[in-house]
Amino acid sequence: MAGSLDTAWALRWMRETARVIAVERAALIDLDRAIGDADHGENLDRGFTAVLGKLDTEDAPATPAAVLKLVAMTLMSTVGGAAGPLYGTAFLRAATSLGDAEEIEAAQLATMIAAARDGIVARGKAEPGDKTMVDAWTPAADAATTAAREGSTGAEVLAAAAEAARAGAVATEPLIARKGRASYLGERSIGHQDPGAVSSALILEAAVDAAGDGAP
Amino acid sequence: MAGSLDTAWALRWMRETARVIAVERAALIDLDRAIGDADHGENLDRGFTAVLGKLDTEDAPATPAAVLKLVAMTLMSTVGGAAGPLYGTAFLRAATSLGDAEEIEAAQLATMIAAARDGIVARGKAEPGDKTMVDAWTPAADAATTAAREGSTGAEVLAAAAEAARAGAVATEPLIARKGRASYLGERSIGHQDPGAVSSALILEAAVDAAGDGAP
Amino acid sequence: MSVGLVIVSHSEKIAVGVVELAAQMAPDVVIVAAGGTDDGDGVRIGTSFERVRAGIEEAMGDDGVVVLTDLGSAVMTAETVLEFLEPEVRAAVRLAEAAIVEGAVAAAVQSQGGAPLEEVLRAAEGAVVSL
Amino acid sequence: MSVGLVIVSHSEKIAVGVVELAAQMAPDVVIVAAGGTDDGDGVRIGTSFERVRAGIEEAMGDDGVVVLTDLGSAVMTAETVLEFLEPEVRAAVRLAEAAIVEGAVAAAVQSQGGAPLEEVLRAAEGAVVSL
Ligand SMILES: Nc1ncnc2c1ncn2[C@@H]1O[C@H](COP(=O)(O)OP(=O)(O)O)[C@@H](O)[C@H]1O
Ligand SMILES: Nc1ncnc2c1ncn2[C@@H]1O[C@H](COP(=O)(O)OP(=O)(O)O)[C@@H](O)[C@H]1O
Ligand SMILES: [Mg+2]
Ligand SMILES: [Mg+2]
Ligand SMILES: [Mg+2]
Ligand SMILES: [Mg+2]
């Protein structure tokens, strides 16, 4: 069924994320060079390349949660920067929220995105406005919840989340960083988008694209 | 003249110190193992071996001050531990106090020992009772001053200083270290003599022996 | 036995150097370096879940483990590892809010002296800078 | 130009590691490692007058130098070197009372941003542990 959010979708989501991250590698490095240590693109590319390796060699995960759990564990052990424990925790909490569901309904999707956001907040203790990836995930979770409540389809929920994440990432530009390495820069962190917020938008946009690419 | 405290004496003093430190190397290491990092004997042996090398190869220093200055510079650059800057500063201040005197009178000797002590205090900011080499040098300086005031000869002043330094070193045993590495141990530093106080006693005892060894 | 230490730094060199420095004054304490990444093709600057996990395992004796970290992402990596530990192991691990070099030396000396877990932690966190 | 940094550690590995870590966020700042001893036959744990002196010389530009140290004997070595500097050089050097790793990263970032000497010093001394 086109657009059904099942294990195949989760696998497509992760493959599409890996592809997009590889394409955006240099751009993410440049963002991190401005207010960090110039490795966010490398960190994530390494992490998602490892994810691809696992998907190609290990037994195919049987549920969306199993896909996300495998991603979580792989990112945690390969990324090397803050994004490792942060996205690792996000995907792990997302996986847990799904239980053994084989297909994800709109409401469950909103819950999953909120769980991911909660995991990032639990791990990094950042608040909205601190100029971190939380500034992408918080509007994404809110938009997903609203969309689901208003009766949107799963694909529509994803689209709302991705759009909100992108807007959130763009909106980090004028902020002063208060968490992570960029906070060392104080006011000099103004004028640059947060790399983790931008990669978060990429990840959610990949989820949308993967939903659109469903086999008929 | 037997016992005259001139350049030859200063040279004998330093050679005798190097000899004694080499003999006591392991003992100083053991003291430092108990309340430090087990290198005081190695540090000093390396420093005074370098001093011997300089004395054997460079132009002979022309005054006692020149001898002590060469020792100071050599210890500073070769010891590697706290004793480097501490003894380096001590010998440098001692040298400065002597000016270009070719022979050192009793009063000048007391001034020299006090100058060495002041250098150590200026460098390390330890007070008497902190269980450091200051606990050897302070009684040594006081005893030398008293002896000189009472009309002792230079050799007698040295002997009084060395005896007081040894007593001071022994008296560090029940103290709690408040400066240097040993202060990390807190109460566990009780029950061991301070390595630097012991090596200070050795250095002043070597000065006595060098005074007794004067050519007739 | 004594309290073990794990030194989590973004730089493998820092972690190894801290171990050599702290070990000087604490020859009987198990101090494990968990520095840099470990992703198959060489060590980059960063932290490694697996190195931290293995470090805690190696440093764990009867008296527990204190973990010291350098920057914030090292803290997050260590906290993530802690969440995966068995509860009884987790209960014997403390994450120090300490200067990594100065805290490690102070903690190592306390552990060498037989101090219990909370005291070793306190030594790390209270380490005077440049004692 | 920017404020230079000298990293004085008892361990050569720590000093070199701190330089690699701090340089990541401050590619244009001159950060010099002055770690371990340097006495002709290999590097021992300890500090070297000559390495510190040369480090300050190398790191000195128009904007001055901040020196970071690990333990007390490193502080004493650094202070001794400072006494031998020409007064106008000495006037441009600050000895930080800071956590060596955390302070170096914070100071490096400030220097990269063009902060003056006193501000770089303040960043080092105020570095939040495990930011
Ligand atoms: N405490 C935190 N809470 C939330 N996000 C954080 C936190 N610290 C860092 N981040 C995110 O991590 C991103 C940097 O990731 P990365 O470059 O991989 O890590 P590192 O800073 O260790 O090099 C930042 O752009 C920010 O979005
Ligand atoms: N702040 C200080 N003031 C005076 N003496 C000190 C101070 N710190 C250390 N010492 C002396 O230095 C001795 C240790 O010397 P050494 O082992 O060479 O140095 P390190 O502690 O660097 O290994 C101590 O026994 C003590 O006498
Ligand atoms: Mg980064
Ligand atoms: Mg990084
Ligand atoms: Mg020692
Ligand atoms: Mg030493």
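The values are calculated or read from the model by the stated rules, or taken from the named source; none is laboratory data. Because the structure is a prediction, the values reported are computed rather than measured. Positions of Cβ are backbone-derived with ideal geometry, glycine not excepted, and every protein chain shown enters the neighbour counts. Accessible surface is based on the protein model in full, side chains and every heavy atom, while ligands, DNA and RNA are left aside. Shrake-Rupley method; radii C 1.70, N 1.55, O 1.52, S 1.80 Å.
Points worth noting:
- Only one of the numbered conditions (1) open to solvent by 50 Å² or more (accessible area, probe 1.4 Å); (2) more than 14 Å from chain A (Cβ to nearest Cβ); (3) acidic (Asp, Glu); (4) closer than 21 Å to D:VAL105 by Cα is not met by C:GLU118, and that is (4).
- Looking only at residues in the range A:187-202 that are surrounded by fewer than 20 Cβ atoms within 10 Å (Cβ to Cβ) and either part of a loop (DSSP other than H, G, I, E, B) or modelled with pLDDT under 95 (or both), the one that is nearest to ligand 2 (Cβ to nearest atom) is A:ILE190.
- In the range B:34-43, the residue that is nearest to the other protein chains (Cβ to nearest Cβ) out of those that are within 9 Å of ligand 5 (Cβ to nearest atom) and open to solvent by 10 Å² or more (accessible area, probe 1.4 Å) is B:ASP37.
- Within the range C:1-16, being of a type outside the set (S, T, N, Q) and within 23 Å of A:ALA82 (Cβ to Cβ) holds for C:VAL6, C:ILE7, C:VAL8, C:HIS10, C:GLU12, C:LYS13, C:ILE14, C:ALA15, C:VAL16.
- Taken across the range D:42-53, residues that are open to solvent by 10 Å² or more (accessible area, probe 1.4 Å) and within 16 Å of ligand 5 (Cβ to nearest atom) do occur, with at least one present.
- A:LEU52 vs. criteria in contact (Cβ under 8 Å) with a residue 60 or more places away in the chain, away from ligand 2 (no atom under 16 Å from the Cβ) and either under 14 Å from C:ARG44 (Cβ atoms) or in a helix (DSSP H, G or I) (or both): no
- Test set (1) crowded, with 24+ Cβ neighbours inside 10 Å; (2) over 17 Å from the mean Cα position of the chain (by Cα); (3) not hydroxyl-bearing (Ser, Thr, Tyr) - B:ALA144 fails condition number: (2)
- Looking at C:ALA59, C:ALA54, just one residue is closer than 19 Å to C:GLU118 by Cβ and of a type outside the set (D, E, K, R), and that residue is C:ALA59.
- Residue check for D:VAL66: touching a strand residue (DSSP E or B) at 6+ places or on another chain (Cβ under 9 Å), within 14 Å of chain C (Cβ to nearest Cβ), buried (at least 24 other Cβ atoms within 10 Å of the Cβ) and not in a helix (DSSP H, G or I): yes
- The residue list A:ALA72, A:ALA62 contains one member that is away from ligand 6 (no atom under 16 Å from the Cβ) and more than 12 Å from chain C (Cβ to nearest Cβ), which is A:ALA62.
- B:LEU92 vs. criteria open to solvent by 20 Å² or more (accessible area, probe 1.4 Å) and within 12 Å of another protein chain (Cβ to nearest Cβ): yes
- Just one of the listed residues (D:THR77, D:THR37) is crowded, with 24+ Cβ neighbours inside 10 Å, modelled with pLDDT under 95 and either part of a helix (DSSP H, G or I) or of a type in the set (Val, Ile, Thr) (or both), and it is D:THR37.
- Residue in the range A:161-172 that is surrounded by 24 or more Cβ atoms within 10 Å (Cβ to Cβ) and not aliphatic (A, V, I, L, M) present: yes
- Residue in the range B:44-54 that is open to solvent by 10 Å² or more (accessible area, probe 1.4 Å), more than 16 Å from ligand 6 (Cβ to nearest atom) and more than 17 Å from the chain's Cα centre (by Cα) present: yes
- If you go through the range C:1-24 and keep only what is open to solvent by 10 Å² or more (accessible area, probe 1.4 Å) and away from chain A (no Cβ under 14 Å), you end up with C:MET1, C:SER2, C:LYS13, C:VAL16, C:VAL19, C:GLU20, C:ALA23, C:GLN24.
- D:PRO27 meets all of the listed conditions (1) touching a Lys or Arg at 6+ places or on another chain (Cβ under 9 Å); (2) surrounded by fewer than 19 Cβ atoms within 10 Å (Cβ to Cβ); (3) under 26 Å from C:ALA78 (Cβ atoms); (4) not aromatic (Phe, Trp, Tyr) but one, namely (3).
- Residue ID - nearest to ligand 2 (Cβ to nearest atom), chosen from residues in the range A:119-147 that are of a type outside the set (Lys, Arg), within 14 Å of another protein chain (Cβ to nearest Cβ) and part of a helix (DSSP H, G or I): A:GLY124
- All positions within the range B:102-122 that are closer than 22 Å to B:GLY81 by Cα and open to solvent by 10 Å² or more (accessible area, probe 1.4 Å): B:ALA115, B:ARG117, B:ASP118, B:VAL121, B:ALA122
- Top-ranked residue of the range D:83-105 - restricted to ones that are part of a helix (DSSP H, G or I) and open to solvent by 10 Å² or more (accessible area, probe 1.4 Å), ranked as farthest from ligand 2 (Cβ to nearest atom): D:GLU88
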